[in-house]
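The values are calculated or read from the model by the stated rules, or taken from the named source; none is laboratory data. Being a predicted model, the structure only gives us computed values, none of them experimental. Please note: Cβ atoms are built from the backbone with ideal geometry, for glycine as well, and neighbour counts cover all protein chains shown. With ligands, DNA and RNA removed, areas are computed over all heavy atoms of the protein, side chains included. Shrake-Rupley method; radii C 1.70, N 1.55, O 1.52, S 1.80 Å.
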Amino acid sequence: MRKAGPGRYNDPDALLRGMRSLLRPGAAPLSLRSTTILVALIALAPSLATAHTYTAISDAALANRAAMVVRGRIVEQRPLERSGMVFTESTVEVIESIKGDARPLVRVLTAGGAIGDGYLVVATASPDLTIGDEALLFLGAETDGGHRIVEGRLGAFRVSGRGAAAIARRD
């Protein structure tokens, strides 16, 4: 491998060949430095890449799983911390109740949010609700009288336009 400076390599193919040789049966034992680098790479891997996999669900199945379906506007939000986890409680002003018996205002709990001095938790499987947004929400009941969005991001649609021109889209 050609060095491009102290400890840096400019030939990625040579680096990969070197890594592969470390993993071959019968290869020479790893040096302390190589072991440390390998362990660090393995330890960092989960924090460097995150992903979620969703199974497609029909709108009918989503509606069947929901206790309530509402079209509403997010009018207020507040952060919550429960059992060491961070949530955002959004107050939704109901414009239209499509399924279930919705009150004029419903509380919706989503994972993630900002608490304290700059402490932010991002939950990629949870929808991003913003004050002022209009949304179509498929909701399940919580034990405290609030609601959660059924199937995470899949159960929230952002509404744009008015009347017959209104369109609901998932983020």
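In the condition set (1) part of a strand (DSSP E or B); (2) open to solvent by 50 Å² or more (accessible area, probe 1.4 Å), T143 is compliant with all but (1).
Any residue that is modelled with pLDDT of 90 or more and open to solvent by 80 Å² or more (accessible area, probe 1.4 Å) - is there at least one of those in the range 110-126? For the range 110-126, residues modelled with pLDDT of 90 or more and open to solvent by 80 Å² or more (accessible area, probe 1.4 Å): absent.
Among the residues of the range 76-88, is there at least one that is of a type in the set (D, E, K, R), closer than 26 Å to R162 by Cα and modelled with pLDDT of 90 or more?
Yes, there is a match, as at least one residue in the range 76-88 is of a type in the set (D, E, K, R), closer than 26 Å to R162 by Cα and modelled with pLDDT of 90 or more.
Residue count for the range 89-109 under the criterion of being open to solvent by 60 Å² or more (accessible area, probe 1.4 Å) and either in contact with a Leu (Cβ under 7 Å, 6 or more places away or on another chain) or of a type in the set (D, E) (or both): the result is 3.
For the range 146-171, filtered to residues that are modelled with pLDDT of 90 or more and part of a loop (DSSP other than H, G, I, E, B), the residue that is most open to solvent (accessible area, probe 1.4 Å) is E151. Residues in the range 79-113 that are in a strand (DSSP E or B), more than 14 Å from the chain's Cα centre (by Cα) and small (G, A, S): S90, S97.
In the range 52-66, what residues are open to solvent by less than 70 Å² (accessible area, probe 1.4 Å) and β-branched (V, I, T)? Within the range 52-66, just I57 meets the criteria. In the set E96, E81, E76, only one residue is touching a Lys or Arg at 6+ places or on another chain (Cβ under 6 Å) and free of Cβ contacts under 8 Å to residues at least 60 places away in the same chain; that residue is E96.
Let me confirm something: among V86, V69, which residue is touching a residue at least 24 places away in the same chain (Cβ under 8 Å), open to solvent by less than 30 Å² (accessible area, probe 1.4 Å) and in contact with a helix residue (DSSP H, G or I) (Cβ under 7 Å, 6 or more places away or on another chain)?
V69
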